[in-house]
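Notes follow the structure.
The values are calculated or read from the model by the stated rules, or taken from the named source; none is laboratory data. Predicted model, so just to flag it, every value in this text is computed and none were measured. As a convention, Cβ positions derive from the backbone with ideal geometry for all residues, glycine included, and neighbour counts pool all protein chains shown.
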Amino acid sequence: MDKQALFEIVKELPFDTNKVVYKSEDLEIYIFRPSKLSKRFENYDPKKNFQIWLKEGERIFRPNHLRVMIDLNLRVRSRQDLKKKLLLAFDNIFYGADPEKELKELSKENFEHFLNDLIIIGILSQLFIIEQEYGYHRESKFDPPTLFFQGWIREFIDNSKEIDNLCMSVCNGQTPLAKYVKLENKKDKKYDNNLKPLWYIS
């Protein structure tokens with residue numbers, strides 16, 4: 001589904017209820033809104049907070065942003081010829097497109113290394129964007145704040161830096177390279193509201 005439709009599901013999610021947003025043969029992505037938050041999230045609005053869960057067979061866990069980034073980095077290492085298509089598809093998801101439609105053709109391609117089906121990665125990316133857009137409450141260097149996440153998606157796909165170094169940068173809270181975000185960041189003096197697709201690599 002597109003971003004707006006999923007956003008409405010997130011907004012209407014009752015407390016302490018699971019909602020499956022995607023299901024395949026032996027895998028489910030579902031969201032959950034706890035009525036009580038841990039001390040780590042005590043400053044968050046419980047009505048806007050929600051958790052993203054992944055069920056793979058008997059395994060149930062909460063994926064994080066690195067799952068999406070690592071998966072895409074692994075894919076492009078074996079298929080450099082698909083780099084631009086991956087960048088464009090995940091940018092379109094960032095702008096609101098339906099991941100299933102956006103990744104339909106790319107998911108037919110053969111990748112030597114990956115973590116999950118590409119559709120799964122697209123839906124997780126969409127959910128992380130919604131999570132930040134809906135629940136992020138701190139001051140950000142970016143406008144929109146979700147550009148922080150998308151900048152790293154672009155960098156993990158496009159940058160030839162080693163994957164462990166990229167992961168360390170994310171975990172240390174570093175911002176993505178300016179080339180991937182500056183012209184799209186409304187807080188940057190160089191902001192441009194008339195950008196072409198893939199402006200950061202052209």
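Name every residue in the range 110-132 that is in contact (Cβ under 8 Å) with a residue 40 or more places away in the chain and hydrophobic (A, V, I, L, M, F, W, C), in order of residue number.
PHE114, LEU115, LEU118, ILE119, ILE120, ILE121, ILE123, LEU124, LEU127, PHE128, ILE129, ILE130
How many of the residues making up the range 93-130 are out of contact with any Gly (no Cβ under 8 Å at 6 or more places or on another chain) and more than 12 Å from ILE153 (Cβ to Cβ)?
Filtering the range 93-130 for residues out of contact with any Gly (no Cβ under 8 Å at 6 or more places or on another chain) gives 94-98, 101, 104-130.
Imposing the further condition that a residue be more than 12 Å from ILE153 (Cβ to Cβ) reduces the set to 95-98, 101, 104-120, 123, 127, 130.
Summing the residues that are out of contact with any Gly (no Cβ under 8 Å at 6 or more places or on another chain) and more than 12 Å from ILE153 (Cβ to Cβ) in the range 93-130 gives 25.
Right, ASP164: among the acidic types (Asp, Glu) and not in a loop (DSSP other than H, G, I, E, B) or not?
Taking the combined requirement at face value, the residue satisfies it.
Could you tell me which residue of the range 1-15 is nearest to GLU56 (Cα to Cα), considering only residues that are under 20 Å from the mean Cα position of the chain (by Cα) and acidic (Asp, Glu)?
The qualifying residue nearest to GLU56 (Cα to Cα) is ASP2.
So which strands (runs of 3 or more DSSP E) stay within the range 16-118 end to end and still have 1 or more residues that are under 19 Å from the mean Cα position of the chain (by Cα) and crowded, with 16+ Cβ neighbours inside 10 Å?
Working: elements: 18-23, 27-32, 51-56, 59-61.
Counting at least 1 such residues, we get 18-23, 27-32, 51-56.
List every residue pair whose Cβ atoms lie under 8 Å apart, where the two residues are 6 or more positions apart in sequence or sit on different chains, the first residue falls within the range 173-202 and is farther than 21 Å from LYS83 by Cα, and the second residue, located anywhere, is at pLDDT below 95 and of a type in the set (A, V, I, L, M).
none
Give me the pairs: first residue in the range 94-109 and within 16 Å of LEU127 (Cβ to Cβ), second residue among the aliphatic types (A, V, I, L, M) and part of a loop (DSSP other than H, G, I, E, B), beta-carbon distance under 9 Å, and six or more apart or on different chains, which are they?
What qualifies is ASP98/MET1; PRO99/MET1; GLU100/MET1.
Count, please, the residues in the range 1-15 that happen to be part of a loop (DSSP other than H, G, I, E, B) and in contact with a Gly (Cβ under 9 Å, 6 or more places away or on another chain). Give the steps one after another, and end with the answer.
Filtering the range 1-15 down to residues part of a loop (DSSP other than H, G, I, E, B) leaves 1-2, 13-15.
Of the ones still in play, those that are also in contact with a Gly (Cβ under 9 Å, 6 or more places away or on another chain) are 2.
Of the residues in that region, 1 qualify.
Inspect all residues belonging to the range 118-127 and state whether any of them is more than 19 Å from LYS3 (Cα to Cα) and out of contact with any Ser or Thr (no Cβ under 7 Å at 6 or more places or on another chain). Break it down into steps so the answer makes sense when it comes.
Here is the first cut: in the range 118-127, the residues more than 19 Å from LYS3 (Cα to Cα) are none.
No, that holds for no residue.
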